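Comments concern the structure below.
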Amino acid sequence: MYYGEKVKLRALEMSDLDNIMKGWNNFEMRRFLAHAMPMSQNAEREWLERATKAKPWQDGNITLAVEDKKTAEFLGTVSLFDMSKQMQRAEFGIAIHNPENFGKGYGTDATKVMLWIGFQVLGLNSIYLYTASYNVRGQKAYEKSGFKRIGEFRQAVFMEGQFHDLIAMDILKDEFLEMYPPGRVVGEV
Ligand SMILES: CC(C)(COP(=O)(O)OP(=O)(O)OC[C@H]1O[C@@H](n2cnc3c(N)ncnc32)[C@H](O)[C@@H]1OP(=O)(O)O)[C@@H](O)C(=O)NCCC(=O)NCCS
């Protein structure tokens, strides 16, 4: 129900479980996320049950499905979590599940639409994220969406037997509004 140039962000449904199970246990994708342990259908169903019912301000998180705008293919999920009413800030997370869909512009587009929701619908003031230093594709997608690199935690990620730095990035509402002033929506650009 919120559209970008290439994607539609819509509510997650329990019927997304099969699509999530198809893509989630794929190391090529999971090596970029916080942990890469195999996830059972049972655990995923429990997560999906919570995610489909979550109310942003009550539960402090919102996860939406990312879908191809033209074909309605399920591409992955995008989230805002650890939302603070007091600080008006939230952490951002995204996963395009099938590596065949990496680098096609879906991630950048979904990020912009979720920022638009965060700032223009939920009224947040600041959105931040953490990403592994080796996730260069992610950093490019985030920079194109308006995030700025603000620092790094040294050796904070352990993946494939090695420690890597964890990059912190953020974007303020005012910075986003320069890209998308009131009255303008992401999909129109
Ligand atoms: C990170 C992610 C959301 C980015 O979305 P995406 O649709 O793949 O990325 P986009 O196509 O929008 O943009 C990627 C940019 O990086 C570039 N890129 C693509 N593959 C790359 C690679 N292997 N190395 C470096 N840059 C790469 C692209 O050329 C593009 O930049 P450009 O438009 O200037 O040419 C997506 O790849 C993903 O979900 N990956 C797996 C999980 C993950 O990393 N989640 C985020 C954890 S913080």
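The values are calculated or read from the model by the stated rules, or taken from the named source; none is laboratory data. Because the structure is predicted, anything quoted here is derived from the model rather than measured. Here the Cβ is made from the backbone with ideal geometry for all residues, glycine too, and neighbour counts use every protein chain on show.
Residues in segment 84-113 that are more than 11 Å from the ligand (Cβ to nearest atom) and either buried (at least 17 other Cβ atoms within 10 Å of the Cβ) or on the phi > 0 side of the Ramachandran plot (or both): GLN88, ARG89, ALA90, VAL113. Scan segment 115-140 for residues that are crowded, with 19+ Cβ neighbours inside 10 Å, within 16 Å of the ligand (Cβ to nearest atom) and among the aromatic types (Phe, Trp, Tyr) and the total you get is 1. Of all the numbered requirements in (1) under 24 Å from GLY105 (Cα atoms); (2) among the charged types (D, E, K, R); (3) touching a residue at least 12 places away in the same chain (Cβ under 8 Å), GLU178 misses one, and that requirement is (3). Number of residues in segment 1-56 that are part of a loop (DSSP other than H, G, I, E, B), of a type in the set (A, V, I, L, M, F, W, C) and either in contact (Cβ under 8 Å) with a residue 40 or more places away in the chain or closer than 17 Å to LEU80 by Cβ (or both) equals 7. With respect to being within 21 Å of ASP170 (Cα to Cα), in contact with a helix residue (DSSP H, G or I) (Cβ under 9 Å, 6 or more places away or on another chain) and either without any contact (Cβ under 8 Å) to a residue 12 or more places away in the chain or not β-branched (Val, Ile, Thr) (or both), TRP116 fits the description. Of all residues in segment 76-124 being among the basic types (Lys, Arg) and not in a strand (DSSP E or B), which is modelled with the lowest pLDDT? This residue is LYS85. None of SER79, SER84, SER40 is within 21 Å of LEU17 (Cα to Cα) and touching a strand residue (DSSP E or B) at 6+ places or on another chain (Cβ under 8 Å) except SER79. So in segment 95-110, with the set limited to residues that are charged (D, E, K, R) and more than 14 Å from the chain's Cα centre (by Cα), which one is farthest from ASP68 (Cα to Cα)? Step by step, filter segment 95-110, then rank; the result is GLU100. Here ALA54 meets the list (1) under 15 Å from GLY23 (Cβ atoms); (2) of a type outside the set (D, E, K, R); (3) more than 10 Å from the ligand (Cβ to nearest atom) almost entirely, failing just condition (1). Of all residues in segment 173-189, those being buried (at least 17 other Cβ atoms within 10 Å of the Cβ) and not aromatic (Phe, Trp, Tyr) number 3.
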